[in-house]
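To keep things clear, I will list the structure first and then write my remarks on it.
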């Protein structure tokens, strides 16, 4: 009898467990079904760019299921899209506490910090990614951008070169014709920014190489040509600089910066007549163009026409009293007139 009672008790317990499990399963299916419907609705609103409605749905799901990481991540993204950056940061940080080595979260958090101009915090996020995955190109790319803002030019070069020198089998042909390389835009930005930074650091050979490669791949933009001409100009390769400036001026005749730089090159090679003509054209169109005024004053000085140079510099010194270049030129001409 006792044995029968034990067996009966076990049977009742098993039946209870089965019923409980079935009830739990049905409840789970019910809740999951509600979530599926809500998530489908959220996707629909996303496509319609109704992001505040998406935010409402995600928050509603997280009230019932606060540990739903995928929804939490979706909420963080939506908060970023609608520029609620502080809230987005808080949600990303919450997920990161649960998944501290999730490079995707670190990357998105770093991007939000950039938009908030919290560059040191952004830098930490991207550096944390590289500690986990040293060849992560998106992290190198963002670190290059952050360091460019911070004027850490050595780091800019280091991180951009991780992209331009990455062993991914990329060929110039693929880049030039846009076939099969998803990093084309980032690669081009890296080349252009490297050219700019090398130019700032007076590393002319490197600047010229980067800018010429950029132009070889993507020859449509004005800026790389202008920077290349400037690199040749500062490196005293005046013939090459003149050729590029003249071509640019044909395409952009109203660009006073190009005209002023070309005028300066003519000044360097002692073609004073052409130089003065171009500087005067710039000043006529843009009376406060500093480079044109300084350049014309220098060309007068180089010809020994100190009075004309002095007249220009006296006016420029009133317009730009704190400019060190103006102060030095003005002092030099005054000294020579004694």
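Quick note: the coordinates plus some simple rules give every number you see, no bench work behind them. Since the structure is predicted, the reported quantities are computational estimates derived from the model, not experimental observations. When we count neighbours, we look across all protein chains shown, and the Cβ atoms used for this are built from the backbone with ideal geometry, even at glycine.
Key figures for this structure:
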read-out: Stretch gain in nm, segment residue 290-residue 155, where the contour uses 0.36 nm per residue and the Cα spacing is subtracted; value: 45.4 nm
read-out: Computed lengthening from residue 238 to residue 133, 0.36 nm per intervening residue step minus Cα-Cα distance; value: 33.3 nm
read-out: Over region 257-338, equivalent-ellipsoid semi-axes from the Cα gyration tensor in Å; value: 19, 15, 10
read-out: Cβ-derived FRET efficiency at R0 22 Å, residue 274 paired with residue 311, nearest 0.05; value: 0.55
read-out: Coordinate range along principal axes, alpha carbons of region 28-128, Å, largest first; value: 45, 28, 18
